[in-house]
Amino acid sequence: MKNYRSVTKTIKLGLAFGVSMFILGCAGVPPHEEITRSSYVIKEAEADGARQLAPLELRNASQTLENARAAMDDKDYQKARNLAAQAELEGELAKAKAEALKVQKSAEEIKDGNRILKEELKRYHPAR
């Protein structure tokens, strides 16, 4: 029984050490990929019309991305990584809102078209 506990404790300590080293290793690496990905998502949102349809969300994403870049310049890589992830999510939100508003507008146009068709049918084929 004592051997099992000793092995378990050694494994746990080894895992904790490995995870700590991984986290420290990631903290020292500039988050270029994360910032590039966030920038790409924001550009996609702009291309989908977020500048007109979701300007607040797009502005928030852009500002957060700029803050991530500033943190990277200051070599605060963990903060930069976190801000880049936040900017990516905010960019996705802007993109989703723009797409939702476009779909809503299309649905309203279809509804108006159906209403006009019904009125035309009533005019040419009145109920008897």
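Computed from the coordinates by the stated procedures, all read-outs in this text should not be read as laboratory data. This one's a predicted model, so the numbers in the text were calculated from it and none came from an experiment. Every residue, glycine as well, gets a Cβ built from its backbone with ideal geometry; the counts of neighbours run over all protein chains shown.
Ranking ASP76, ASP48 by Cβ neighbours within 10 Å, fewest first, what do you get?
Fewest-to-most Cβ neighbours within 10 Å comes out as ASP76, ASP48.
Could you give the length gained by full extension between GLU108 and GLU66, i.e. 0.36 nm per residue of separation minus their alpha carbon distance, to one decimal place?
11.4 nm
Sorted by mean Cβ packing within 10 Å, highest first, what order do the peptides 57-70, 78-91, 112-125, 28-41 take?
Result, highest mean first: 78-91, 57-70, 28-41, 112-125.
Remind me, what semi-axes does the stretch 31-99 give for its equivalent ellipsoid, largest first in whole Å, using sqrt of 5 times each Cα gyration tensor eigenvalue?
22, 10, 8
With label points built 7 Å along Cα→Cβ from the Cα atoms of GLU44 and ALA100, find their separation and express it in nm.
1.7
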